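Inspection log for the structure reproduced underneath, given as structure tokens.
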Amino acid sequence: MEEARAKLEAAKVRKFRELARHAQAHAPYYANIIRERRIDLDTCTPADFPLLTKSLLMANFNDIVTDRRATKQVIADFLSRSKDPREKLFDRLTVMHTSGTSGEVGYFLYAPADYGRVRSAAMRNRKAFRALFPKFGFRLRRLRIAFYGATGGHFAGATGVASMQEGIRRLFVDARAFEVNTPLADIIGKINEFQPDALWGYTTALKMLGVEQRAGRLDIKPAAIAATGEMVTKADMEFLSSAFDGASASSMYACTEHMLLGISNPDRESMTLFDDNLIFEFHEDHSVITNLFNFTMPLIRYRMSDILRPISAPGAQRIVIQNLVGRTEQMPVFVNNTGGKDFISPHTINEVFVEGVTRFQMQITGPASFRFPICVEPQLGGMQRAAAAAGVTARLREILEQKGLGNVTFEVPIVADIPVSERTRKFQLIVAAPV
């Protein structure tokens, strides 16, 4: 195993130096770093480069993206216009956006060649992928996969589902996305009609479907369930497996910046990382990841808030971590106009996009009210600031109306900054309003 690990690490060093050369030639941001630090591209490692945060990425966006056509303004215009995850920028580039748990908006791009490198790595890890695609036996129809999450834009999950319907894959897979912000009663009927073989989605949302399955209102028989986007415990996987009649339940670790990073092991207490195209650096309160497959937007030593705890022995063929990835958010629940309660997924909130808005937070002020402070780009004038706030107001109203929560009231103030939690010293996307 040590020999296999050594070969993998050597291959990753070669990939990294190829990426660094590409970045020097096509990304002025990295060309400047390489020149100022006198980095030797024949011997360099990620440690030679500084950390890259989302703030730095967005501030230097035009000098990091290697396709010179894809400027920050072009991306913002595209995202303002397009809500279809199947649509490509320049008919070529996949565009995704997210605020994640930082509340800070980020744009991420992938070219077809980047996806090709991801698929090559996936083939080398196909044994682990059986948790997501177990053997379903022979049947004269396509494999049905349901994704229950945020779907109304260029979000990672919805984009992944859309990619399964492209090219030859669509001949074998019928993948459909079901909007998590649809009233629960409506979505149950749609999923019942689809009868998926595999069910993927956000952890908390899937658990709600599990409750509906046990109550008999949802009646499906998936062979595989994959929870993602939030912390997934062993108890969560056991509940999902039990609720869906012994289905294989796993935790899928994925993010917009690096796509699929790992899948839980059969013990449901650990997870194997897919690091063929990723270099991980583990820290007490965060992780640093170098992406080796994305040549369109090189992410060298990109800082993530996810907390990863490696438990595999040094030299092991694969890196194994504790299954609990430190990523969780409060689920806002509001009273509707009939007195009932319904939730809004944190993923619906963190995918809010309005041009000019750089950061935001939902602050719950009551059973049917909240405050939604936003930060905007500093160069915006008075009318542009007002337009940004109006855009966020309209998007939030759309989200509430879609969920049957049109009675919920809110305000959208523009603020200079949104502070981190005094207790944890970390940013939280959804909080109780400060007193």
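The values are calculated or read from the model by the stated rules, or taken from the named source; none is laboratory data. Since we're looking at a predicted model, the values are computed, not measured. Positions of Cβ are generated from backbone atoms using ideal geometry, with glycine treated the same way; all protein chains shown enter the neighbour counts. To get the accessible areas, we keep the full protein, side chains included, count just its heavy atoms, and leave off ligands, DNA and RNA. Shrake-Rupley method; radii C 1.70, N 1.55, O 1.52, S 1.80 Å.
Taking the criterion of being at pLDDT 95 or above, polar (S, T, N, Q) and open to solvent by less than 70 Å² (accessible area, probe 1.4 Å), the only residue of region 403-432 that qualifies is 407. Take the residues in region 236-250 that are of a type in the set (Asp, Glu) and more than 22 Å from the chain's Cα centre (by Cα); name whichever of them is least open to solvent (accessible area, probe 1.4 Å). Restricting to residues being of a type in the set (Asp, Glu) and more than 22 Å from the chain's Cα centre (by Cα), the top hit is 238.
Taken together, the residues in region 93-108 that are modelled with pLDDT of 80 or more and surrounded by 20 or more Cβ atoms within 10 Å (Cβ to Cβ) amount to 9.
Inside region 203-222, residues that are within 19 Å of residue 144 (Cβ to Cβ) and within 18 Å of the chain's Cα centre (by Cα) make up a count of 2.
Here's the yes/no breakdown for (1) in a helix (DSSP H, G or I); (2) open to solvent by 60 Å² or more (accessible area, probe 1.4 Å); (3) closer than 14 Å to residue 104 by Cα; (4) modelled with pLDDT of 90 or more:
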site: 329; (1), (2), (3), (4): no, no, no, no
site: 352; (1), (2), (3), (4): no, no, yes, no
site: 355; (1), (2), (3), (4): no, yes, yes, yes
site: 391; (1), (2), (3), (4): yes, no, no, yes
site: 401; (1), (2), (3), (4): yes, yes, no, yes
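Looking only at residues in region 126-156 that are at pLDDT below 85 and part of a helix (DSSP H, G or I), the one that is nearest to residue 222 (Cα to Cα) is 129.
Pick from region 293-316 the residues that are at pLDDT 95 or above and of a type in the set (A, V, I, L, M, F, W, C): which of them is nearest to residue 429 (Cα to Cα)? Restricting to residues being at pLDDT 95 or above and of a type in the set (A, V, I, L, M, F, W, C), the top hit is 299. Of all residues in region 8-55, those being open to solvent by 70 Å² or more (accessible area, probe 1.4 Å), at pLDDT 95 or above and in a helix (DSSP H, G or I) number 9. Which residues, counting only those in region 255-292, are small (Gly, Ala, Ser) and either buried (at least 23 other Cβ atoms within 10 Å of the Cβ) or at pLDDT below 90 (or both)? If the condition is that a residue be small (Gly, Ala, Ser) and either buried (at least 23 other Cβ atoms within 10 Å of the Cβ) or at pLDDT below 90 (or both), then 262, 264 are the ones that fit.
Restricting region 69-86 to residues that are part of a loop (DSSP other than H, G, I, E, B) and at pLDDT 95 or above, the residue that is most open to solvent (accessible area, probe 1.4 Å) is 69.
Against the criterion of being open to solvent by less than 20 Å² (accessible area, probe 1.4 Å), within 30 Å of residue 299 (Cα to Cα) and not in a loop (DSSP other than H, G, I, E, B), residue 232 does not qualify.
Please work out if residue 387 is of a type outside the set (Ser, Thr, Tyr), assigned to a helix (DSSP H, G or I), surrounded by 15 or more Cβ atoms within 10 Å (Cβ to Cβ) and modelled with pLDDT of 95 or more. In short, yes. Taken over region 185-207, the criterion of being assigned to a helix (DSSP H, G or I), open to solvent by 50 Å² or more (accessible area, probe 1.4 Å) and either of a type in the set (S, T, N, Q) or within 20 Å of residue 347 (Cα to Cα) (or both) is satisfied by 185, 186, 207. Between 225, 187, 168, the distinction of being within 20 Å of the chain's Cα centre (by Cα) and free of Cβ contacts under 8 Å to residues at least 40 places away in the same chain belongs to 225 only.
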